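**Student:** One structure follows; several queries about it will come next.
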């Protein structure tokens with residue numbers, strides 16, 4: 001995942017956590033198409049928030065934190081999830 005997205009090896013922990021997050025919310029044949037999350041919590045997980053690891057994103061910069069000639073957004077790279085929140089890292 002890191003090589004295909006051109007990310008440094010410093011992001012290996014995020015890549016492993018991302019993979020675990022996806023696997024735990026994906027059905028398996030061993031459990032007869034039930035997810036590990038569903039077995040643990042008895043609730044079918046919502047996967048509508050899934051995004052591609054390493055995808056580019058833009059975050060809005062509040063008006064008071066940038067000058068008139070500066071960009072109103074900052075570039076980031078999506079690297080995972082934390083308690084149903086998306087985690088991004090700076091692309092610079």
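The values are calculated or read from the model by the stated rules, or taken from the named source; none is laboratory data. Note that this is a predicted model, so its numbers are computed, not measured. As a convention, Cβ positions derive from the backbone with ideal geometry for all residues, glycine included, and neighbour counts pool all protein chains shown.
**Student:** The conditions are (1) assigned to a loop (DSSP other than H, G, I, E, B); (2) within 23 Å of residue 16 (Cα to Cα), and residue 76 fails exactly one of them. Which is it?
**Tutor:** (1)
**Student:** Could you tell me how many of the residues in region 76-92 are modelled with pLDDT of 80 or more and more than 15 Å from residue 6 (Cα to Cα)? Explain how you work it out, then say what you get.
**Tutor:** Residues of region 76-92 that are modelled with pLDDT of 80 or more, as a first pass: 76-81.
Of the ones still in play, those that are also more than 15 Å from residue 6 (Cα to Cα) are 80-81.
Matching residues across region 76-92 total 2.
**Student:** I'd like the residue in region 1-57 that is part of a helix (DSSP H, G or I) and touching a residue at least 60 places away in the same chain (Cβ under 8 Å) and, out of all such residues, is farthest from residue 80 (Cα to Cα).
**Tutor:** Here is the first cut: in region 1-57, the residues part of a helix (DSSP H, G or I) are 2-5, 9-24, 36-41.
Those still in the list that are touching a residue at least 60 places away in the same chain (Cβ under 8 Å) too: 5, 11, 14-15, 17-18, 21.
Details: 5: 13, 11: 10, 14: 6, 15: 7, 17: 7, 18: 5, 21: 8 Å.
It comes out as 5.
**Student:** Next question. Out of region 58-69, which residues are part of a loop (DSSP other than H, G, I, E, B) and surrounded by 10 or more Cβ atoms within 10 Å (Cβ to Cβ)? Write out each step before concluding.
**Tutor:** Just the residues of region 58-69 that are part of a loop (DSSP other than H, G, I, E, B), to begin with: 61-62, 66-69.
Hits for region 58-69 are 61, 66.
**Student:** Looking only at residues that are out of contact with any strand residue (DSSP E or B) (no Cβ under 8 Å at 6 or more places or on another chain) and within 30 Å of residue 4 (Cα to Cα) in region 31-55, which one is surrounded by the fewest Cβ atoms within 10 Å (Cβ to Cβ)?
**Tutor:** Looking only at region 31-55, we keep the residues that are out of contact with any strand residue (DSSP E or B) (no Cβ under 8 Å at 6 or more places or on another chain), and these are 31-33, 37-48, 50.
Next, from what is left, pick out any that are within 30 Å of residue 4 (Cα to Cα): 33, 37, 45-48, 50.
On the way: 33: 10, 37: 17, 45: 16, 46: 9, 47: 11, 48: 5, 50: 12.
Selected residue: 48.
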